[in-house]
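J.: Just passing along the structure, written as structure tokens.
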Amino acid sequence: DTDKAKELVDHQVVAQGFGVVVSKSLGITNLTKDQIKDIFSGKVTNWKDVGGADKEILLIHRTAGSGTRATFEKTILGGDKSLENDSLGATQDSNGAVLTAMKQNDGAISYLGLAYMNTQEAKDALTVVKINGVSDDKANICDGSYPFWSWGHMYTKGEPTGVAKSFIEFITSNDNTSSIEGLGFISGAEMKVK
């Protein structure tokens, strides 16, 4: 019901970074947005066309409707959903499934939440590529120069009061920064872009 939805107040509380990932053994460390679009649309099908070895590219998509995929479509594909060709490659519904699939084929490319890259297994197997030469460092997410990130939200019915207001204030406070960062997220208070 749209009238009820209008009662909701959106609070941007954390930021989450995402990464386009390839197998470490590929040696690919940077891709431009245009190269990523060409790869996921199927226009480029071999790593040699983007500076890598003569190896076929395997696309590992995320499930349509997932938040990770929606962020990829918005920030990397410029909102053009048709640039991700689901008829090529495979689709996986979780970060863990992406990692498993990528470990089985070192020509694979996918994308996942950077929080997942905190695991040793992911660090050992995957490289988060720079996008247009910009790395996924926290500072680059905070100033918006690294494009692949999104807000994490909390919603209240009307302006928050009492315990709800206190909870949101705590989540976004400097007192909670280490907890947020320990989970692989960035405190909303640290974001310079809104």
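The values are calculated or read from the model by the stated rules, or taken from the named source; none is laboratory data. None of the values given here were measured: they were computed from a predicted structure. Note: ideal-geometry Cβ built from the backbone for every residue, glycine included; neighbour counts use all protein chains shown. When the accessible area is computed, the model is the full protein with side chains, heavy atoms only, and any ligands, DNA or RNA have been set aside. Shrake-Rupley method; radii C 1.70, N 1.55, O 1.52, S 1.80 Å.
J.: Out of the residues in the range 125-143 meeting the condition of being open to solvent by less than 30 Å² (accessible area, probe 1.4 Å) and part of a loop (DSSP other than H, G, I, E, B), tell me which one is nearest to L8 (Cα to Cα).
T.: Filtering first and then ranking leaves S135.
J.: While we're here: I'd like the residue in the range 113-124 that is of a type in the set (G, A, S) and within 11 Å of the chain's Cα centre (by Cα) and, out of all such residues, is least open to solvent (accessible area, probe 1.4 Å).
T.: Looking at the filtered set, the residue picked out is G113.
J.: If I filter the range 153-168 down to residues being surrounded by 12 or more Cβ atoms within 10 Å (Cβ to Cβ) and among the hydrophobic types (A, V, I, L, M, F, W, C), which single residue comes out as nearest to the chain's Cα centre (by Cα)?
T.: For the range 153-168, the residue satisfying everything is M154.
J.: While we're looking at this one, here's another question. Could you tell me which of the residues D54, D49 is farther than 19 Å from G184 by Cα, of a type outside the set (K, R) and not in a loop (DSSP other than H, G, I, E, B)?
T.: D49
J.: Does the range 34-70 hold any residues that are open to solvent by 60 Å² or more (accessible area, probe 1.4 Å) and not hydroxyl-bearing (S, T, Y), and which are they?
T.: Matches in the range 34-70: D34, K43, K48, D49, G51, D54, K55, E56, A64, G65.
J.: Still on this model: Say we look at the range 71-98 and pick out the residues that are in a helix (DSSP H, G or I) and either at pLDDT 95 or above or touching a strand residue (DSSP E or B) at 6+ places or on another chain (Cβ under 7 Å) (or both); which of these is most open to solvent (accessible area, probe 1.4 Å)?
T.: Of everything passing the filter in the range 71-98, K74 is most open to solvent (accessible area, probe 1.4 Å).
J.: What are the residues in the range 169-194 that are assigned to a helix (DSSP H, G or I), of a type in the set (S, T, N, Q) and open to solvent by less than 30 Å² (accessible area, probe 1.4 Å), if any?
T.: N176, T177, listed by residue number.
J.: Continuing with this model, one more query. As an exercise: evaluate S150 against (1) under 19 Å from K194 (Cβ atoms); (2) outside any loop (DSSP other than H, G, I, E, B); (3) open to solvent by 60 Å² or more (accessible area, probe 1.4 Å) and give the number of the one condition it does not meet.
T.: The single condition S150 does not satisfy is (3).
J.: Okay, next question. Out of the residues in the range 1-33 that are assigned to a helix (DSSP H, G or I), open to solvent by less than 70 Å² (accessible area, probe 1.4 Å) and touching a residue at least 60 places away in the same chain (Cβ under 8 Å), state the one that is farthest from V134 (Cα to Cα).
T.: L26
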